[in-house]
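So the structure is just underneath, and the comments pick up after that.
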Amino acid sequence: MGAKGQRYFKASQKTGKKRGAQGGGDAAGKRARLDAMTVGYYRRICDRLKEGFTEDEERDLFVENVLAEVKGKANLVAMDMTGSLALEKLLSLATVVQVGEVLAEMGGDTGSEFRRVACHPCGGHVMESALRQTHRWTEENGSAEEKSDVAQTEEEDCGMLEVQVQRLCGVVRENITEFIKDPHGSHVLRTLIHVLAGCLTSEPSDAQHVKKDRKSTSEMRDFEIPASFWWELKYLSDSLMENLNVCATNPSASATLQTLLTVCHRKRPILCKKLNKSIMGYLTSLSSAPGVSPLLVFLKDPSCSHLIQTVFKFSQKALLRDVYKNHLKEQLMSLALHRIANFTIQTLIAVSSGLKLFLKIFDELMEGFEAVLAAGHMGVVIQLAESCVQWEERQDTLMQRLLQAFHCSDPASRHTSCLPLFLSLLAYEVHYQTETAGDATVTQHPLTICYHGSRLVQALAKFKDRSILMNSLHALSSADLRILGTDSAGSHALQALVTSASDKGRGKFLRKLEELYVQLACSRCGSRLLEAVWNSATVSQRQSIAEKLVPSENQLRSDQFARHVWAKFGLTHFLKRRSAWLEVQTGESKKLKMFRDILE
């Protein structure tokens with residue numbers, strides 16, 4: 001097996017000679033590069049790695065032989081576009097010892113070469129890949145502990161990688177400004193921070209996975225680290241605090257400091273609290289115009305506003321209360337109207353939702369509520385609505401302000417039109433094309449739904465008093481309900497309204513929705529809505545839904561979406577063994593009710 005694969009593992013002597021000749025060119029002033037034959041060799045390595053291995057022995061032999069070829073020119077390979085891709089994948093398959101050896105070569109005798117490689121567009125990715133392998137030393141060490149004769153050797157091997165990480169930390173601290181400013185070096189530093197804290201984000205396996213889950217948040221996994229890493233993290237955080245002037249204004253540096261706050265909040269909350277206090281102390285201590293807090297300037301800066309958002313997210317209530325009292329009081333409206341600062345205000349509203357501070361923030365923003373709507377900063381409005389879920393005494397105030405803002409507050413007969421207005425974010429006169437203050441209308445727009453309108457309705461559906469929204473929902477025509485139920489954003493709003501209603505209110509609405517069951521089941525979004533309604537329905541309501549669906553059996557079973565509805569609802573059993581179906585549905589309904597009671 002090994003002999004068969006040697007042609008893939010070893011580069012030819014001819015390739016080695018050309019690489020040596022290229023080194024002579026570098027002495028003449030040109031940057032050393034891999035020659036064409038060597039690049040082709042690493043391209044074949046990439047292709048072989050994509051094929052995978054059937055046996056661990058074959059894989060280990062492959063990695064060992066290729067890394068033997070890399071030895072002596074690791075930096076050249078790491079800074080080559082093709083070579084770096086191969087080396088990245090190899091490091092994820094290599095042992096801890098092999099990773100440590102590659103890092104040792106990339107750093108050179110003194111470790112000074114780390115800076116050049118880390119700040120390179122290709123080399124930085126290789127450095128990140130090497131650092132990310134540190135989580136595996138606990139796995140390998142754990143398996144070695146089962147064998148007492150090799151336990152000591154494994155500890156020494158892990159110690160080698162630990163030393164290389166410490167060398168890199170020393171180089172970073174000596175060149176901290178260059179690292180945090182460099183787009184590639186800052187990413188290496190961020191990965192290093194994760195490693196020192198003992199937590200890493202999971203990496204997607206390929207580009208297609210990245211595209212598919214680009215909106216999903218990365219999950220972190222924790223792993224054990226040596227005690228020395230805790231000290232290295234503290235020293236590194238001290239270096240960053242000494243360069244707060246750079247971190248506050250430089251985008252790459254700001255992102256690095258945000259990463260430090262995120263991992264410290266997870267792993268070292270005391271250090272995170274200290275960092276938050278230091279950052280806010282620095283930002284509020286700088287000179288500004290008389291009577292104007294310097295924090296207001298930073299809130300409007302593209303880079304620093306993100307940093308302040310992160311500080312707010314992980315701050316204790318004492319710090320939030322102090323920042324509001326001394327810097328943000330009576331300034332929230334101007335910030336909420338600013339194109340950049342309004343995002344930080346959204347974060348402030350979210351983190352204060354469980355504190356009495358929210359009441360002060362809410363009352364201040366209500367003074368210019370319509371101006372925020374007119375500016376199109378719906379994130380502020382939606383966050384206010386979501387936070388009001390915890391404050392019942394402010395829910396009616398917000399609902400009345402919304403009715404006034406969309407011009408459907410007076411006369412009371414206009415209340416039934418509020419849902420289409422909220423969903424479309426259009427005022428009454430625009431939606432119904434009327435210029436008078438009366439109820440006479442010229443014509444009505446077809447129901448339109450926007451993303452932020454749906455988010456607003458979903459938040460309002462969690463309020464204690466939903467009578468205005470539910471009355472408006474019942475006033476919608478069948479055509480509007482079909483549009484709402486089959487729309488990607490509208491279906492979520494309708495789901496929130498229906499599932500949050502009482503059993504009696506849900507039953508009343510489902511009777512109106514009966515004629516649309518088949519159309520909803522044959523829609524991508526509507527089928528998901530119908531399943532959510534089914535899960536929240538009583539047994540009698542499920543039986544009513546099933547009775548309306550089974551006459552269209554052929555259409556449902558042949559549709560790409562409806563066939564899943566047919567299977568999940570057990571409609572075949574409903575047709576042939578109704579008593580058994582009812583027994584199953586009764587059991588499921590009791591289980592769902594029990595789980596809901598536990599969660600509540």
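The values are calculated or read from the model by the stated rules, or taken from the named source; none is laboratory data. What you are looking at is a predicted structure, and each value in this text was computed from that prediction instead of being measured. Glycine also receives a Cβ, built like all others from the backbone with ideal geometry; neighbour counts cover every protein chain displayed. Please note that ligands, DNA and RNA were not included when accessible areas were found on the heavy atoms of the full protein model with its side chains. Shrake-Rupley method; radii C 1.70, N 1.55, O 1.52, S 1.80 Å.
Looking only at segment 247-294, how many residues end up being touching a residue at least 12 places away in the same chain (Cβ under 8 Å) and either under 26 Å from the mean Cα position of the chain (by Cα) or under 16 Å from residue 188 (Cα atoms) (or both)? Number satisfying all stated conditions: 30. Do you know which residues across segment 505-541 are open to solvent by 50 Å² or more (accessible area, probe 1.4 Å), under 15 Å from residue 574 (Cβ atoms) and not hydroxyl-bearing (Ser, Thr, Tyr)? Within segment 505-541, no residue meets the criteria. Restricting segment 359-402 to residues that are part of a helix (DSSP H, G or I) and aromatic (Phe, Trp, Tyr), the residue that is farthest from residue 345 (Cα to Cα) is 369. Select from segment 225-251 the residues that are modelled with pLDDT under 95 and hydroxyl-bearing (Ser, Thr, Tyr) and write down the one among them that is nearest to residue 199 (Cα to Cα). Out of the qualifying residues, it is 228.
Of all residues in segment 369-417, those satisfying the criterion of being hydrophobic (A, V, I, L, M, F, W, C), open to solvent by less than 40 Å² (accessible area, probe 1.4 Å) and more than 14 Å from residue 459 (Cβ to Cβ) are 369, 372, 373, 403, 405, 406, 408.
Residue 111 meets the conditions (1) on the phi < 0 side of the Ramachandran plot; (2) modelled with pLDDT under 95; (3) buried (at least 18 other Cβ atoms within 10 Å of the Cβ); (4) not basic (Lys, Arg) in every case but one. The failed one is (1).
Residue 287 meets each of the listed conditions (1) surrounded by fewer than 16 Cβ atoms within 10 Å (Cβ to Cβ); (2) in a helix (DSSP H, G or I) apart from (2). Screening 329, 325, 300, 273 for residues that are surrounded by fewer than 20 Cβ atoms within 10 Å (Cβ to Cβ) and closer than 28 Å to residue 230 by Cβ leaves exactly one candidate, 273.
Only residues that are among the β-branched types (Val, Ile, Thr) and within 16 Å of residue 404 (Cα to Cα) were counted in segment 367-382, giving 2. When the residues of segment 450-504 are narrowed to those that are hydrophobic (A, V, I, L, M, F, W, C) and not in a helix (DSSP H, G or I), which ends up most open to solvent (accessible area, probe 1.4 Å)? Selected residue: 475.
Just one of (1) modelled with pLDDT of 95 or more; (2) buried (at least 21 other Cβ atoms within 10 Å of the Cβ) fails for residue 360. It is (2). Against the conditions (1) open to solvent by 50 Å² or more (accessible area, probe 1.4 Å); (2) over 35 Å from the mean Cα position of the chain (by Cα), residue 544 satisfies every one except (1).
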